[in-house]
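Below is one structure, written out as C-alpha cells; comments come after it.
Laboratory data are not the source of any read-out in this text; all were calculated from the coordinates shown. Because the structure is predicted, anything quoted here is derived from the model rather than measured. Glycine gets a Cβ as well: all are built from the backbone with ideal geometry, and neighbour counts include every protein chain shown.
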Amino acid sequence: MAAEPGGGRGRGVGRALACAVLLVASPLFVAYVWLCCEEYGCAISGPLLDVALGRGRSPGRLLLDGLPRPTLAGFTVFGVWYASQAALAIALPGRIGYGAITPAGHRPAYRLNGLLAWLVTHVLLGLAVFRWRLFPSTIVADHSGGLLVAANAAGLLVAVLAYWKARRFPSRPADRRWSGYAVSDFFMGVELHPRIGPLDLKLFHIGRVGMMAWTAVNASFAARQFQELGYVTSSMILVNLLQLVYVLDFFAREDWYLRTIDMHHDRFGFYLAWGSMVWIPFMYTLQAAYLARHPVRLSPAATVGILVLAGAGYAVFLSANRQRDRFRRSDGAVRIWRREATSIPARYVTADGAIHHTRLLTSGWWGFARHANYAGDIMMATAVSLACGFAHALPYFYAVYLTALLVHRIYRDDRRCREKYGAAWEAYCAAVPYRMVPGVW
Ligand code: NDP
C-alpha cells in the first residue's frame with residue numbers, strides 16, 4: 001500500500017481542497033449546462049443573465065427550479081442500461097488482454113469483448129425501437145433530466161462503494177494508494193484495478209457505461225432532430241459519424257486502452273465513476289444535443305474542410321497510439337515508417353523491489369513530440385465542434401475541455417515519468433524537446 005507520491009503537506013491540503021470543490025461543482029455545472037439546453041436554447045449565459053438582470057430568477061430559485069427532477073423513467077432507463085451492460089460484459093466471449101505492470105508488480109488480465117458488446121447493444125437498441133416498438137428513438141432526449149438525476153445518483157453510489165471496498169475488501173491491497181486526506185481518496189480513488197467478481201470496475205464503467213452510451217445518446221438526438229424537421233441535417237450526420245469513428249476505435253482497440261494512463265495509473269474513485277456515468281454521456285454528447293435544437297446546414301466546402309481536419313487528426317491520433325503500442329508489445333523490435341525503431345533504454349523499480357527494463361520510443365511521431373497523439377485528438381474534437389457553426393459557444397465545450405485536460409495531463413505525466421525513469425526520461429526530453437506540437441510547444 002503506497003502513499004501518494006510527489007507532494008508535501010501543503011500540496012496535499014491544496015489537492016484535498018481542489019477535490020472538495022470539484023466534488024460539489026462538477027455535478028452542479030453539468031446540471032447548469034443541462035438547464036441551458038433545456039430552457040435557453042443552449043445559450044451558456046442564459047440562466048446567469050436571468051439572475052443578473054433580475055428577470056424572474058434569484059440564485060435560490062435557480063437552484064430550486066432549475067435542477068432536473070428525479071423521474072421513474074430516468075431511473076428505469078438508466079438501471080436497464082447499467083444492468084444490461086454488466087450482463088454483456090460478463091456473458092460475451094472475448095480474448096484475454098493484459099494491462100501494464102502495476103507499482104506492486106501485478107499484471108491485470110481483462111476479457112476483451114467491448115466491440116462485440118457495442119454491436120449487440122446497438123442491434124438490440126435498433127430492434128427495441130424499430131421492430132418491437134418498446135420505446136421511441138428519442139428516449140434519451142425525451143428523458144434527459146430524469147436520466148441526469150439517475151446517472152448522478154449512480155455515480156455517487158458507485159464512488160461510495162469503491163471507497164468502502166478499498167478499505168474493507170481491496171482486490172489488490174498492495175496496489176492501493178492513500179493520500180492521507182479522505183476527500184482526495186474519495187475523489188481520486190484508492191484502488192488501481194478494483195474488481196467485483198468478473199467485473200473490472202474501471203474498464204466496465206469507462207467503457208461500457210460511459211463510452212458505450214456516447215453513440216446511443218447521439219443517435220437519440222439525431223432522432224429528435226428528425227422528429228422536429230422531418231430530416232437530419234448534414235452537420236448532425238457529421239457529428240454522429242465522427243464520434244462513431246472515435247467510439248468504435250476505442251472498442252476495436254480495447255487492448256491498447258488497457259495500457260493508457262486512465263487504466264494504468266488513475267485510481268477508481270468519484271472522478272472516474274461519476275465521470276463515466278455523467279460526464280461522458282452528458283458533456284461529450286453536447287454537440288448532438290445542440291444540433292437537435294439548432295439545425296446547422298453545412299456548405300459542401302465546410303463539410304470537406306471539417307472532414308479533412310478530422311481525418312488528419314484521426315490519422316495522427318491512430319498512428320501515434322499504434323506506434324507506441326506496437327513498439328511496447330514487440331519489446332522494441334519493430335519498424336516505424338520503414339526504419340528500425342530507435343529508442344532510449346530505461347528501467348524502473350516496482351514496490352516489490354523488482355527491476356524492470358523497458359524503452360522510450362524516439363521514432364515516428366514519438367520522435368517529433370512527446371504527445372503528438374494528443375494533438376490528433378484535439379484536431380478531431382475541434383472538427384466536430386466546427387460542424388456546429390459559430391452561433392453558440394456550447395458546442396466548443398468538448399474541444400476546450402479536452403485541450404485543458406490533455407495539457408494538464410502532459411504536465412502530470414511528465415512529473416510521473418521523471419520519477420519513474422529518472423535519467424532516461426531526462427535523456428528522452430532532451431532528444432524530443434517538444435511536448436505536443438513539433439516546433440511550437
Ligand atoms: P499516452 O498514450 O501519451 O501515454 C503516456 C504514457 O506512455 C506515459 O505515461 C508512459 O507510460 C508511456 N510513454 C510516454 N512516452 C513514451 C515513449 N516515448 N515510448 C514509450 N512509452 C512512452 O497518454 P494517455 O494514456 O493519456 O492517452 C491515450 C490516448 O487517449 C491519447 O490519444 C489521448 O488523446 C486519448 N485520451 C482521450 C480522452 C478523452 O476524454 N477523449 C482522455 C484522455 C486521453 P509508461 O509508464 O508505460 O512508460
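For this structure, a couple of remarks:
- Two-site FRET efficiency, Val440 against Val51, from Cβ-Cβ distance with R₀ of 35 Å, rounded to 0.05: 0.30
- Under 5 Å between amide hydrogens, built in the peptide plane, is the criterion, and for Val296 it picks out Ser235, Met236 among residues at least 5 positions away or on other chains.
- Between Arg172 and Ala404, the contour length at 0.36 nm per residue exceeds the Cα-Cα span by 80.3 nm.
- Backbone HN-Hα couplings from phi across segment 371-380 [Karplus 6.51/-1.76/1.60, Hz, Gly and Pro as x]: 9, 4, 4, 5, 4, x, 4, 5, 4, 5
- Applying 1/(1 + (r/R0)^6) with r as the Cβ-Cβ distance of Glu419 and Trp132 and R0 = 45 angstrom yields a FRET efficiency of 0.25.
- Two-site FRET efficiency, Tyr98 against Ala182, from Cβ-Cβ distance with R₀ of 45 Å, rounded to 0.05: 0.85
- Each of Gly230, Leu124, Leu112 was placed along the dipole of the chain (beta-carbon charges, centred on the mean Cα), and the one lying farthest toward the positive end is Leu112.
- Prolate/oblate/rounded label for segment 293-441 (Cα gyration tensor, a/c 1.5): prolate
- Label sites at Arg322 and Val349, each approximated as a point 7 angstrom past Cα along Cα to Cβ, lie 3.9 nm apart.
- Sequence-distant contacts, meaning Cα pairs under 8 Å at least 6 residues apart, place the relative contact order of segment 36-130 at 14 percent.
- Dimensions (Å) - segment 390-441, Cα atoms, principal axes, largest first: 49, 23, 7
- Cα pair count fraction exceeding 22 Å, expressed as % - segment 101-201: 53 percent
- Unit charges at the beta carbon, dipole of the chain: most positive-side option, Cys37, Gly207, His357: His357
- Relative contact order (percent, whole number), the chain, Cα cutoff 8 Å, 6+ residue spacing: 17 percent
- For segment 1-116, fraction of C-alpha pairs farther apart than 24 Å, in %: 62 percent
- Basic side chains Lys and Arg get +1 at the Cβ, acidic Asp and Glu get -1 at the Cβ, and with that the dipole of segment 271-373 about its Cα centre reaches some 280 debye.
- Residue-span extension gain [Asp331 to Ala301] - 0.36 nm each, minus C-alpha spacing: 6.3 nm
- Cα gyration tensor shape for segment 259-303, rounded if a/c is under 1.5, else prolate or oblate: oblate
- Between segment 10-31 and segment 376-431, the alpha-carbon center distance in angstrom: 21 Å
- Placing +1 on the Cβ of every Lys and Arg and -1 on the Cβ of every Asp and Glu, with no other charges, gives segment 142-218 a dipole of roughly 340 debye about its Cα centre.
- Its relative contact order, with pairs defined as Cα atoms under 8 Å and 6+ residues apart, puts segment 260-368 at 17 percent.
- Three-way shape call for segment 205-321 based on the alpha-carbon gyration tensor, with the a/c threshold at 1.5: oblate
- Each of Val334, Leu406, Ala393 was placed along the dipole of segment 307-441 (beta-carbon charges, centred on the mean Cα), and the one lying farthest toward the positive end is Val334.
- Here is how the number arises for the chain: DSSP H runs of 4 or more residues each give -39500 (n - 2.57), the sum is divided by the residue count, and the result at 222 nm is -18500 deg cm²/dmol.
- Put simply, the amide H of Ala346, placed in the peptide plane, has neighbours under 5 Å in Thr358, Arg359, Leu360, leaving out anything fewer than 5 places away on its chain.
- For segment 255-328, the Cβ-based charge dipole about the Cα centre amounts to some 120 debye (Lys, Arg positive; Asp, Glu negative; other atoms uncharged).
- Whole-Å distance, taken between Cα centres, linking segment 190-208 and segment 41-79: 33 Å
- Along its first, second and third principal axes, ordered by size, the chain spans 62, 53, 49 Å in Cα coordinates.
- Once both labels are positioned 7 Å from their Cα atoms along Cα-to-Cβ, the gap between Val80 and Val13 label points is 5.2 nm.
- Dimensions (Å) - segment 272-337, Cα atoms, principal axes, largest first: 52, 39, 8
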